[in-house]
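Since every read-out is calculated from the coordinates, none of them should be taken as a lab result. Everything numeric here is computed off the predicted structure, so don't read it as measured data. Cβ sites come from the backbone with ideal geometry, for glycine too, and all protein chains shown count toward neighbours.
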Amino acid sequence: MSEFELFYYIICGILTVTILFGISLMSKVKTAVMGNLISAIATAIAIVVTLIYYDILSQSVVLTICLITLAIGTYIGMYVAKRVKMIQMPELVALLNGFGGLASAIVGACTMFTSKNNFELVTSILALIVGALTFTGSLIAALKLAKLMNGRPVVWNKHQLITTTTIIFIIITVVLTVVNRIYDLEIPVLALVIIALALGSFFGIAFAIRVGGADMPITISLLNSLSGVAGSIAGMAIGDILLVAVGGIVGASGLLLTQIMCKAMNRSLMDILLGKTSVSTKVTKTVVEHVKVEEKKADVDVSDVLKNAKKVIIVPGYGMALAQAQQLVKQISDTLEKNGTEVKFAIHPVAGRMPGHMNVLLCEVDIPYEKLYELNDINDEFKDCDACIVVGANDVTNPAARDAVGTPIYGMPILNVDQAKHIIICNYDLKPGYAGVENSLYKRSKGVTLLLGNASVTLKQLLNDLVEVNVKKQENKSTSELLKQAKKVIIVPGYGMALAQAQHLVKQLSEKLASNGANVKFAIHPVAGRMPGHMNVLLCEAGIEYEQLYEMNDVNDEFKDTDVCIVVGANDVMNPAARNAEGTPIYGMPILNVDQAKHVIICNYDLKPGYAGVENPLYKRESGVTLLLGNAGETLKNLLSDI
Amino acid sequence: MSALVIILIFVVSTIVGYLIIKNVPSLLHTPLMSGMNALSGITILGALTTVSIMTKEFNAVISGIVGGLAVILAMINVVGGFGVTHRMLKMFNKKGSK
């Protein structure tokens, strides 16, 4: 061993240790960024070291090829890393994984031509096969995750037989390759390469196509492991110890994650590989009927339950990811916390489509990771929590896992959601989850509220209810007082008043206020309603004097002297965003200066943006705004009776 | 370097890696996986070597196409993987410091 080689091996050793150190830093959030950087820098150094050791720097042709391709790869990699959205993370990881696998396969294929002994030959053909199956398997997984392919498991006729045969052929090919060399059978290497490539690729497809959506965390972890193994074997073929070592580490990590995922899903790895995934898909109709009744009953008190809860645990699942409802989850958690409720998140290890999927999504919407708890850390807390909100999770909450012997999920660790005093389930439907086992929670008659449908819709509803409760509580005392004492009131009608046919109530309200000694005016925006002068017509119909109706320009300066402004079903025409939200459709539109009034009472149906789709910042204003949501006919009646 | 030593290196690094990675909490599993994914692009070393060997044994065209493809793929894996991991971790960390 020359001194140069010795030096090279020492450097390889140091780099391996550095990478291991980097990985060990990944175990804490605070140090993880540094850990990742260290690993990245070590990889960069390894590339440079390789360029030097194999004397590539002095070969101009090779160097040119290497530098150009390195640059292309770097550019594409950076582009991808910058552009990808967090929601696309699973498919990106799968795809990148596949690239690494294919690269290893190519290295293996090339080395087959140049191998000098049997060890090199065997390892290179193995690298080729494992790399190829990693590539095709990852590609299928990525397609499934990106929904470019049906996510359900595809089982071919005699699937088992086909895969077994493929494995046997693979073994034969490897043996044949060695025999070919020893006994000089004169089978061209190229033919062997093509056969091995075909068999490996086919096996990858056969294996990945049979895995369904919810088993993806396991598959991705396994493919991750395989791509490391492929690299490691390729390293054996070319005698690159750094490649062997790092590939081995990656292989181990993937295997570890695979184990964790399997345990969390109560699956054996063999079952996944053999495609024993989903079981029955039968849905019992009785359950569905049950719900209709419960839904009605529950809707009444669900916001009160949450409002009065001291402690709430939120359980997110893949449904949240599908509905992209993480932002709403965050808003609900914020609202609850504002009420003084303690909010925690319970994350099952296999929730979602890849390890840690939920953590990434929740983190993306600024939920601090301290609030995210692992299964074991939070499971004892369910019995103390007042309410548990399940968002698009099923199997991981299914109590059947404890006692339904013989079902696929029996024995799987689950979140003890059933111990919570009240459970709010925001799932898309009542179908059994991926494992095909019915969730007994759905049938429970007490303490369960089912909010079915797209989670982003049901959660929004829930949020609106919560906000409303909030608002009512604080405002009931003050709003009527304010109105009674107001000297000057401006009423802003909009299309919502027309929809609710609330103009008569508006008239009663204005008369009542006038009799209290207030000066009541109406501010009519030119485009309020669905036709020019729409509001004027309606108000006149209700018997309001047209002298009381003011056009925008005539009344706009008076808002700042107004004690109370009542908005009835108007949104865009008084949206202050029109003044400063550049680029939005309403930017520059003349609006009523409602926001200048001392107090604003908004009687709108909901908090959704108006026709223009621009959020109204007034809704979020902390002081001087009262939101009375719902049909204006109802809310105005309440307001009237309060005065 | 003998086959035995190489296999030994594989076994040792696998075990050490396994022990270290065991400490990573499930909170960070996605970044861990995408970081490992980036590291699996270490096969870039093999790809670079292949370009060199192929050029010597055959010619620059084959080496450029085949080896070059391997380098590009592996490099996308490395850069994309580390980049995305970095983005994710920064996201986690931002919240941590709040």
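What does the extension gain come out to for A:Lys263 and A:Leu67, with contour length at 0.36 nm per residue minus their alpha carbon separation?
This chain segment gains 66.1 nm when fully extended.
Compute the semi-axes of the equivalent ellipsoid of the stretch A:544-641, taking the square root of 5 times each eigenvalue of the Cα gyration tensor, and list them largest first in whole Å.
21, 18, 13
How much length is gained on full extension from A:Ile14 to A:Asp380, taking 0.36 nm per residue of separation minus their Cα-Cα distance?
Using 0.36 nm per residue and subtracting the Cα-Cα distance, I get 127.3 nm.
Using Cα-Cα distances under 8 Å and only pairs 6 or more residues apart, what relative contact order does chain B have, in percent?
Across chain B, relative contact order equals 32 percent.
Once amide H atoms are built 1.01 Å from N in the peptide plane, which residues 5 or more positions from A:Val390, or in another chain, come under 5 Å H to H?
It is A:Val315, A:Ile424, A:Ile425, A:Cys426, by chain and number.
Return the long-range amide H neighbours of A:Trp156 (sequence gap of 5 or more, or a different chain), with a cut-off of under 5 Å between placed amide H atoms.
none
How far is helix A:326-338 tilted off the main Cα axis of chain A, in degrees rounded to 10, range 0 to 90?
50
May I ask you to derive the relative contact order of the stretch A:308-400, considering only C-alpha pairs under 8 Å and at least 6 residues apart, and to give it as an integer percent?
47
Evaluate E = 1/(1 + (r/R0)^6) for A:Gln419 and A:Leu6, where r is the Cβ-Cβ distance and R0 equals 60 Å; express this FRET efficiency to the nearest 0.05.
Efficiency, rounded to the nearest 0.05: 0.45.
Once the Cβ-Cβ distance between A:Ala581 and A:Asn308 is put in as r, and R0 is 45 Å, what FRET efficiency do you end up with, to the nearest 0.05?
The pair A:Ala581/A:Asn308 has a calculated efficiency of 0.75.
Taking 0.36 nm per residue of sequence separation and subtracting the Cα-Cα distance, how much length would be gained by fully extending the chain between A:Lys598 and A:Asp55, in nm to one decimal?
Stretched out fully, the A:Lys598 to A:Asp55 stretch lengthens by 187.7 nm.
To the nearest whole number, what is the average tally of beta carbon atoms from other chains within 10 Å of the beta carbons of peptide A:361-371?
4
Taking H as built 1.01 Å from N, whose amide H comes closer than 5 Å to the amide H of A:Leu628, not counting residues under 5 places away?
Residues meeting the criterion, in which the H sits 1.01 Å from N, are A:Ile602, A:Cys603, A:Asn604.
At A:Lys620 and A:Arg83, where each label point lies 7 Å from the Cα along Cα→Cβ, what is the point-to-point distance in nanometres?
3.0
Please work out the FRET efficiency for the pair A:Tyr183 and A:Lys28, using the Cβ-Cβ distance as r and a Förster radius of 60 Å; give the result to the nearest 0.05.
0.60
So which trypsin sites (Lys or Arg not before Pro) in the stretch A:124-221 pass both tests, a DSSP loop state and at most 15 other Cβ atoms within 10 Å of the Cβ?
In loop regions of the stretch A:124-221 (DSSP not H, G, I, E or B), the sparsely surrounded trypsin sites (Lys or Arg not before Pro) are A:Lys147, A:Lys158.
Could you check the simple spin-label distance between A:Asp557 and B:Ile15, using points 7 Å along Cα→Cβ, in nm with one decimal?
Distance between label points: 8.8 nm.
Could you work out [θ]222 nm for chain A from helices alone, using -39500 (n - 2.57) per DSSP H run of at least four and dividing by all its residues? Round to the nearest 500 deg cm²/dmol.
-18500 deg cm²/dmol
Over all directions, what mean area does the Cα convex hull of the stretch A:29-91 project, stated in square nanometres?
Over all viewing directions, the stretch A:29-91 projects a mean Cα-hull area of 5.7 nm².
Against the longest alpha carbon principal axis of chain A, how many degrees, from 0 to 90 and to the nearest 10, is the axis of helix A:60-83 turned?
Long axis of A:60-83 versus the principal axis of chain A: about 30 degrees.
Taking the alpha carbon gyration tensor of the protein assembly as shown, what are the square roots of 5 times its eigenvalues, largest first, to the nearest whole Å?
Working through the eigenvalues yields semi-axes of 63, 29, 21 Å.
Note down the nm distance, to one decimal, between modelled labels 7 Å out along Cα→Cβ at A:Lys330 and at A:Leu148.
2.9
Using just the helices of chain B, give the 222 nm mean residue ellipticity in deg cm²/dmol: DSSP H runs with n ≥ 4 each add -39,500 (n - 2.57), and the total is spread over all residues, rounded to 500.
Mean residue ellipticity at 222 nm (helix-derived): -26000 deg cm²/dmol.
Could you tell me how many degrees, from 0 to 90 and to the nearest 10, lie between the Cα long axis of helix A:3-25 and the main elongation axis, the longest principal axis, of the Cα atoms of chain A?
30
Please tell me the relative contact order of chain A in percent, rounded to the nearest whole number, where contacts are Cα pairs under 8 Å and at least six residues apart.
Computed value for chain A: 9 percent relative contact order.
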